[in-house]
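Novice: The structure's right below; bear with me while I get my questions together.
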Amino acid sequence: MSASENGFNQLLPSAMKKSNPNDTECIINLPETSTVLNIVLHAIYGLSCAHYSPSLTDISTAISTLKVYGFPLRTYLAPATPLSTTLLSHAPTAPLDVYAIAAAHNLHDLAVSTSPHLLSFSLPSLTDDQAAKIGSVYLKRLFFLHLGRLDALKRLLLPPPHPHPLTNECDFTEQKKLTRAWALASAYLTWDARPDMSASSIEASLLPLCDNLTCELCKTALRERIRDLIIQWSQVKTTI
């Protein structure tokens, strides 16, 4: 318990030790449940409590309890620590709750690791209570993540496939057909754009344009444009 910065919430004052130098036994009654204390003690000693399958509610309470008893969260919930890893295991199924916990305690690394799981979350469905738990700073970062990816996708979709040198079979007029088809398809994608849009969804929307092309050079240009688009989309930031 020497790691506590406040004497275990003043329950282990140094004065007590000085007045009872020969007393090696000290019993303290704590209000927390045994489940929460089990998580807290595992965290303090750097052990994983994952095998107990703690609920997200109990983990959240344990994190607040660590803070109450003077154990700095920046240490006990640093990246790759047992408690941080256990908490992150809930991110795929309850990303907003994990993100809210990270935000409430300003655990930036934890919030960053959780944010990719929120790309599919519908921001308009966010309740006032959820927004209050997250707080203005991390709520803004989440909104900017979503809006930034949507804007990036729109920009990436804008340029049509590069035209190829004119041939007897495919002149400028024929190539304009591909440009118009790309504009219509990209407008459709933009209308239904989501921050979590997958590469396969983009490809499935654009690749069928080949079916209406007779020029092999146009088909090649279209495939190359789709490939470049998918590569660029995979490089767009996915975390806050």
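Values in this text are rule-based calculations from the coordinates and carry no lab data. Just so you know, these numbers come straight off a predicted model, no measurement behind them. Heads up, the Cβs are rebuilt from the backbone with ideal geometry, glycines too, and the neighbour counts pull from every protein chain shown.
Novice: Using Cα centres only, tell me the gap between the stretch 185-240 and the stretch 129-153 in whole Å.
Specialist: 26
Novice: Show me 38-47, 197-206 ranked by packing, highest mean number of other Cβ atoms within 10 Å first.
Specialist: 38-47, 197-206
Novice: Let me ask something else about it. I'd like the orientation of helix 56-68 relative to the chain: the angle between its Cα long axis and the longest Cα principal axis, in ° from 0 to 90, rounded to 10.
Specialist: 50
Novice: Another question, if that's okay. Just to confirm the number: angle between the C-alpha axis of helix 216-234 and the first principal axis of the chain, 0 to 90 degrees, nearest 10?
Specialist: 10
Novice: Among N168, G135, S125, which residue has its Cα positioned farthest towards the positive end of the charge dipole of the stretch 109-168, with +1 placed on the Cβ of Lys and Arg, -1 on the Cβ of Asp and Glu, and the dipole taken about the Cα centre?
Specialist: N168
Novice: Compute the angle between helix 172-191 and the longest alpha-carbon principal axis of the chain, please, reported from 0 to 90 degrees and rounded to the nearest 10.
Specialist: Once rounded, one gets 30 degrees.
Novice: Oh, and also: Rounded to whole Å and sorted largest first, what semi-axes of the equivalent ellipsoid does the C-alpha gyration tensor of the chain yield via the square root of 5 times each eigenvalue?
Specialist: Calculated on Cα positions only, the semi-axes equal 58, 15, 13 Å.
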